[in-house]
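Written out below as structure tokens is the structure these notes cover.
The values are calculated or read from the model by the stated rules, or taken from the named source; none is laboratory data. Please read these numbers as outputs of a predicted model, since none were measured by experiment. Glycine also receives a Cβ, built like all others from the backbone with ideal geometry; neighbour counts cover every protein chain displayed. Note: areas computed on protein heavy atoms with side chains; ligands, DNA, RNA excluded. Shrake-Rupley method; radii C 1.70, N 1.55, O 1.52, S 1.80 Å.
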Amino acid sequence: MLDRPTAPLTPRSQPVYGTPRSARRTQLVANATPSRPTMHVPLAPLAPLSLRPYPSHPYANDAEFEKLRQDDRHAVDDAVERMRERHSYRVHMLQSELSQIDVERRKVEEACLALKESAVDLAGEIEQERKDAEAAREQEATVAQRARKLKADNDAIQESILEVTAKLEARRALKAKQKEAWYRQTAKNGPEIDFFEQKLGLKIRGLPNQKDIVQFKFANIDPGNYNRVFSLNVNASQLDYSVLVVSPSPSFLPNDVLRPLVANLNKSRDLYGFLRDVRAAFKHQAGLE
């Protein structure tokens, strides 16, 4: 720095060595007011940090200082501008990152929404599968119960089949025995029927289209006409026999004659005796004509 001419020194402007702070402290101690007397010895000034004297004029009028201030200002402005640019760049980068983060956030939200919808659909499917599984278990239980019932019914049917088969076998055996007995009886009755037809004029016939109706025809009864035929139809469909038609006229055998004969037949079950008694009744009634 260039030396500048200094003004005459006065008691108030004598050169002060040290820092402005230490000089100020010395002046304050020296210029203490009488109302506040100092209680101690004035403080000694601090040791000067620089031995060169400070100029008495202000720094604002110093060209070199002004140049330094301007340089510092430009440097600060440049630094601030660079910091502003860096800040703007950083803000731009942060905004870009925020935009990317916002895009990623929206994607994540969409993914979360889709995942939530998928979770809801999956929960619905799981619930439906659970209901289907419960329905399948109930149906399986129903089928198992029905299978047990069918098995029991099948067992009962098998038992019924066995029982019916046994009854059929017994009935076949009975029918076979009855058939054999009928053949034996037929073989035995053939000569007797031939004898009855030849000697007594008796014929036994079943009427066509009239089940369980047996017709008995008698001849060789009337001495005046041995070819004259007397007959009656017997109903064998019930437990007790009954006479339906009498010939040659329905009243040829009166009820007081026919009724005791039928009653005796139902009581004794003796068909031959009944035929003998009927023949005798026909012969008696023919003799009364």
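Table for the structure above
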quantity: Residues within the stretch 209-248 that are part of a strand (DSSP E or B) and either farther than 27 Å from ARG269 by Cβ or without any contact (Cβ under 8 Å) to a residue 12 or more places away in the chain (or both), tallied; calculated: 2
quantity: Tally, over the stretch 130-151, of residues that are small (Gly, Ala, Ser) and more than 8 Å from the chain's Cα centre (by Cα); calculated: 3
quantity: Complete set of residues in the stretch 279-289 that are open to solvent by less than 20 Å² (accessible area, probe 1.4 Å) and not small (Gly, Ala, Ser); calculated: PHE282
quantity: Top-ranked residue of the stretch 179-221 - restricted to ones that are open to solvent by 90 Å² or more (accessible area, probe 1.4 Å) and either of a type in the set (S, T, N, Q) or at pLDDT 80 or above (or both), ranked as farthest from the chain's Cα centre (by Cα); calculated: GLN198
quantity: Of all residues making up the stretch 222-278, the number that are open to solvent by 60 Å² or more (accessible area, probe 1.4 Å) and among the aromatic types (Phe, Trp, Tyr); calculated: 3
quantity: Residue list for the stretch 265-289, filter: part of a loop (DSSP other than H, G, I, E, B) and closer than 20 Å to ILE213 by Cα; calculated: ARG269, ASP270
quantity: Test: VAL262 is part of a strand (DSSP E or B), touching a strand residue (DSSP E or B) at 6+ places or on another chain (Cβ under 8 Å) and closer than 28 Å to PRO191 by Cα; calculated: no
quantity: Counted residues, the stretch 217-261 - those being in contact with a Ser or Thr (Cβ under 9 Å, 6 or more places away or on another chain) and of a type in the set (S, T, N, Q); calculated: 4
